[in-house]
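Asks: Here it is, the structure in full.
The values are calculated or read from the model by the stated rules, or taken from the named source; none is laboratory data. Note that the coordinates shown come from a computational prediction; the quantities given were computed from them, not determined experimentally. Glycine gets a Cβ as well: all are built from the backbone with ideal geometry, and neighbour counts include every protein chain shown.
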Amino acid sequence: MINREIIGGRLGLIYDDHSRKDVFLEIDRVKTLLSNAGVRKGDLVTIAIIIVDITHIASIFACAELGLRIFILDSPATKESLPFTKLALHGPSDYYLYSTKEDTTEIYNGLHDEMLGRYGGLGIDATAQPDYINFPNVEVLPTDPFLVSSTSGTTGASRPITFSHQEVYEISKRNIDVFWFGEDAKVIHSRNLHHASSILTHLFPSLMNSYTHASFAIGHDLSHEEDINFMMGLKDLLLFPPSNIMIPNKEELYNFLETFSVPFKRTVNINMCGFALTEEFVELAKEYNVCFQSHYGSIDTAIPLLINRVDKDSVVVPNSLGVLCDDFYKTTLENGRMKVEHPLWDTPRYMDDHIELVDDQYVLISSRTVDIDIPEGFDLTPFSHDTKINYEQLRGHLHTISP
């Protein structure tokens with residue numbers, strides 16, 4: 001089950017200079033705020049806190065221990081696409097948690113707050129101080145739903161995907177080894193709950209096993225003042241130095257690395273997904289002393305199924321998606337489609353892409369088909385905030401401006 005006991009139980013925890021005990025006290029505070037607001041087991045809650053700080057972490061575990069379902073947001077692209085965000089399509093949520101320590105009025109040109117105002121339900125200030133700590137004891141079962149995400153909408157209408165406590169726990173525990181979260185890892189938490197991958201391949205696995213953690217925002221479309229603070233903060237990373245970080249896409253990777261003029265003193269494992277790596281990444285690995293951990297799967301199939309590690313000594317296989325991570329999933333290739341099975345599933349699941357096995361590498365032959373006509377010269381930047389293009393919002397935007 002997902003509760004506070006999975007957090008660094010053997011080692012304790014240092015999170016932005018907060019101890020494990022500090023985190024537990026913060027969880028109790030947020031649980032009290034949620035209880036005072038009237039939440040009930042099974043309610044849908046959106047965590048709308050941007051920075052992955054101690055309040056963000058406490059909010060996740062408070063929801064878990066109260067038997068609430070956490071909804072995974074996507075980033076709003078345009079005003080026209082707001083009705084096609086995940087929260088609009090698969091919500092609305094009953095409540096959303098926000099932080100008064102953050103000024104979100106300018107994020108995504110104000111669309112973040114507008115999305116929550118339309119579809120978020122009742123807002124709860126997660127930084128408020130209750131008069132006293134008091135919350136009910138809720139029985140939470142391994143089979144209870146916990147994480148609500150959705151497919152990307154690449155090949156058709158987006159579908160909601162719900163993970164139980166048991167699924168989230170088993171996937172996260174497995175990913176400790178897949179993403180090299182050792183006990184001595186120094187983990188940077190850079191991405192809020194923009195995608196189930198951020199919690200299942202980075203946040204939870206590292207909290208389960210690694211001792212030292214720090215919150216650090218990596219993103220774009222921020223205010224000028226935040227950009228300045230971001231650049232100043234990057235320099236401090238050289239002194240940390242981190243061992244593991246998640247960066248969602250190429251644009252933000254380049255923005256991140258180009259800030260540094262010297263390589264990291266310690267090899268930094270960069271969690272990325274959504275594309276095959278090229279020789280360019282070998283050169284970046286040499287220049288900055290990093291190892292790319294590009295992983296492949298899908299929200300409704302495997303998180304992840306394959307992993308492709310590229311460091312300074314790698315020989316790149318063109319279009320390779322990597323190798324099987326382990327035997328967590330049972331896989332077979334059937335006419336170029338990957339069939340995936342797991343004991344928790346009633347039936348097999350299939351990847352949409354055409355894949356072939358070349359030696360020990362799984363190579364992408366052709367990608368899943370996108371059923372959308374994108375006008376020539378159309379700016380896709382607002383739709384590319386996360387790991388790949390948000391086709392559901394793009395499709396909705398284009399239909400709205402030109403039905």
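Asks: Report whether or not Phe204 is within 17 Å of the chain's Cα centre (by Cα), crowded, with 20+ Cβ neighbours inside 10 Å and assigned to a loop (DSSP other than H, G, I, E, B).
Replies: Taking the combined requirement at face value, the residue does not satisfy it.
Asks: Let me ask you something else. Here is a check on your reading of the model: is Ser93 assigned to a strand (DSSP E or B), polar (S, T, N, Q) and in contact with a strand residue (DSSP E or B) (Cβ under 6 Å, 6 or more places away or on another chain)?
Replies: Answer is no for this residue.
Asks: Please give the number of the condition Glu356 fails out of (1) surrounded by fewer than 16 Cβ atoms within 10 Å (Cβ to Cβ); (2) in a loop (DSSP other than H, G, I, E, B); (3) in contact (Cβ under 8 Å) with a residue 12 or more places away in the chain.
Replies: (2)
Asks: Condition first: aliphatic (A, V, I, L, M), in a loop (DSSP other than H, G, I, E, B) and modelled with pLDDT under 90. Can you find one or more residues in segment 29-50 that meet it?
Replies: yes
Asks: Taking Val316 and the conditions (1) in a strand (DSSP E or B); (2) in contact with a helix residue (DSSP H, G or I) (Cβ under 9 Å, 6 or more places away or on another chain), which numbered condition does it fall short on, given that it satisfies the others?
Replies: Here Val316 meets the rest and fails (1).
Asks: Please go through (1) of a type outside the set (Ser, Thr, Tyr); (2) touching a residue at least 40 places away in the same chain (Cβ under 8 Å); (3) within 19 Å of Asn244 (Cβ to Cβ) for Asp300 and return the number of the only condition it doesn't satisfy.
Replies: (3)
Asks: Taking the stated definitions as given, is Gly219 more than 18 Å from Ile2 (Cα to Cα), of a type outside the set (A, V, I, L, M, F, W, C) and modelled with pLDDT of 90 or more?
Replies: So Gly219 does not fit the description; no.
Asks: Filter segment 65-79 down to residues that are at pLDDT 95 or above, surrounded by 24 or more Cβ atoms within 10 Å (Cβ to Cβ) and either within 16 Å of Lys31 (Cα to Cα) or over 16 Å from the mean Cα position of the chain (by Cα) (or both), then give me how many there are.
Replies: 2
Every residue, every condition in (1) in a strand (DSSP E or B); (2) over 23 Å from Leu394 (Cβ atoms), yes or no:
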site: Lys101; (1), (2): no, yes
site: Gly110; (1), (2): no, no
site: Pro130; (1), (2): no, yes
site: Asn137; (1), (2): no, yes
site: Pro142; (1), (2): no, yes
site: Ile161; (1), (2): yes, no
site: Tyr169; (1), (2): no, yes
site: Lys173; (1), (2): no, yes
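Asks: So, Phe135, is that one surrounded by 21 or more Cβ atoms within 10 Å (Cβ to Cβ) and either in contact (Cβ under 8 Å) with a residue 40 or more places away in the chain or under 22 Å from the mean Cα position of the chain (by Cα) (or both) or not?
Replies: Judged against the criteria, Phe135 is not a match.
Asks: Right, another one. Could you check Leu33 against (1) over 30 Å from Phe240 (Cβ atoms); (2) surrounded by fewer than 14 Cβ atoms within 10 Å (Cβ to Cβ) and say which number it fails?
Replies: Looking at each condition in turn, Leu33 falls short on (2).
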